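To start, the structure itself, in structure tokens.
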Amino acid sequence: MIAPGPVTVVLTPMTRRDVRGVMHIEEQVYPRPWTAPLFLSELAMPSTRAYFVARVGRRIVGYAGLMVSFEDAHVTNIAVDPEWQRHGIATRLLVALAREALARGVQHLTLEVRTSNTAAKNLYRRFGFAPVGVRKNYYPETNEDAIVMWAHDVDTPEYAALLAALERRVPGTTEHEAQSC
């Protein structure tokens, strides 16, 4: 059950122990979910990957991942439990991904989004992502196209100010922990 009013969301690096909770969300929100072994293989590459989970209490309510390649970082996934959507969870996770990318020396962020996912496209635009192309039939389970979006020059004071402003607008409290409980 969702708590009324602002909540405290705790962001932590994803661990193997979190994969079961992540899979619960993955299976709810994607027609062709990633598998647990795929998440485990991603977690086994910490030099080029970063994954976070968002918790309210002990419950995982969202997760997000990033793949870093030189000066670019690719948002691999971001998902929120349907019961917790529209509560700023995705915004908190994307702020965390962007800051992790910056800590790793990234200059540009990229991602793909379903053409039909208006809420996600709006979120990404707030973070400075702009569409640059389309990948036809990128999602084979639905034959849906993906819009490729980029946010350039994220390593600037202006982008840091944007992240801070986006974070301030999220109701409730965001706490960051170095390790999962």
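The values are calculated or read from the model by the stated rules, or taken from the named source; none is laboratory data. None of the values given here were measured: they were computed from a predicted structure. Every residue, glycine as well, gets a Cβ built from its backbone with ideal geometry; the counts of neighbours run over all protein chains shown.
Computed values, structure above
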| read-out | value |
| --- | --- |
| Residues of the range 133-181 satisfying the condition of being farther than 30 Å from Arg32 by Cα, small (Gly, Ala, Ser) and modelled with pLDDT of 95 or more | Ala160, Ala161, Ala164, Ala165 |
| Enumeration of residues in the range 9-25 that are more than 16 Å from Arg49 (Cβ to Cβ), free of Cβ contacts under 8 Å to residues at least 60 places away in the same chain and not small (Gly, Ala, Ser) | Arg20, Met23, His24, Ile25 |
| Any hit, the range 61-73, residues being within 25 Å of Arg126 (Cα to Cα), at pLDDT 95 or above and either of a type in the set (S, T, N, Q) or assigned to a helix (DSSP H, G or I) (or both) | yes |
| Neighbours by Cβ (under 7 Å, 6+ apart or cross-chain): first from the range 82-99, within 14 Å of Gly172 (Cβ to Cβ); second among the acidic types (Asp, Glu) and assigned to a helix (DSSP H, G or I) | Val95/Glu167 |
| In the range 74-116, residue surrounded by the most Cβ atoms within 10 Å (Cβ to Cβ) [restricted to those that are among the hydroxyl-bearing types (Ser, Thr, Tyr) and either more than 24 Å from Met45 (Cα to Cα) or modelled with pLDDT under 95 (or both)] | Thr91 |
| Search result, residues across the range 100-131 that are more than 22 Å from Thr142 (Cα to Cα) and in a loop (DSSP other than H, G, I, E, B) | Arg104, Gly105, Val106, Gln107, Phe127, Gly128, Phe129 |
| Those residues of the range 11-29 which are within 14 Å of the chain's Cα centre (by Cα) and surrounded by 19 or more Cβ atoms within 10 Å (Cβ to Cβ), in sequence order | Leu11, Thr12, Met14, Val22, Ile25, Glu26 |
| Residues of the range 132-181 satisfying the condition of being assigned to a helix (DSSP H, G or I), more than 25 Å from Arg55 (Cβ to Cβ) and of a type outside the set (Asp, Glu) | Pro157, Tyr159, Ala160, Ala161, Leu162 |
| Lone unmet requirement of (1) within 17 Å of the chain's Cα centre (by Cα); (2) in contact (Cβ under 8 Å) with a residue 12 or more places away in the chain for Arg32 | (1) |
| The range 104-115, residues that are closer than 11 Å to Trp150 by Cβ and either in contact with a helix residue (DSSP H, G or I) (Cβ under 7 Å, 6 or more places away or on another chain) or without any contact (Cβ under 8 Å) to a residue 24 or more places away in the chain (or both) | Leu109, Leu111 |
| Pair list, Cβ < 9 Å and 6+ apart or interchain, from the range 116-135 residues that are closer than 15 Å to Ala146 by Cα to residues that are at pLDDT below 95 and loosely packed, with under 12 Cβ neighbours inside 10 Å | Ala119/Arg86 |
| Selection status of Ala151, touching a residue at least 12 places away in the same chain (Cβ under 8 Å), among the hydrophobic types (A, V, I, L, M, F, W, C) and surrounded by fewer than 17 Cβ atoms within 10 Å (Cβ to Cβ) | no |
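Residue-wise test of (1) of a type outside the set (D, E, K, R); (2) part of a helix (DSSP H, G or I); (3) touching a Ser or Thr at 6+ places or on another chain (Cβ under 8 Å).
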position	(1), (2), (3)
Val19	yes, yes, no
Val22	yes, yes, no
Arg32	no, no, no
Met45	yes, no, no
Asn77	yes, no, no
His87	yes, no, no
Ala90	yes, yes, no
Leu94	yes, yes, no
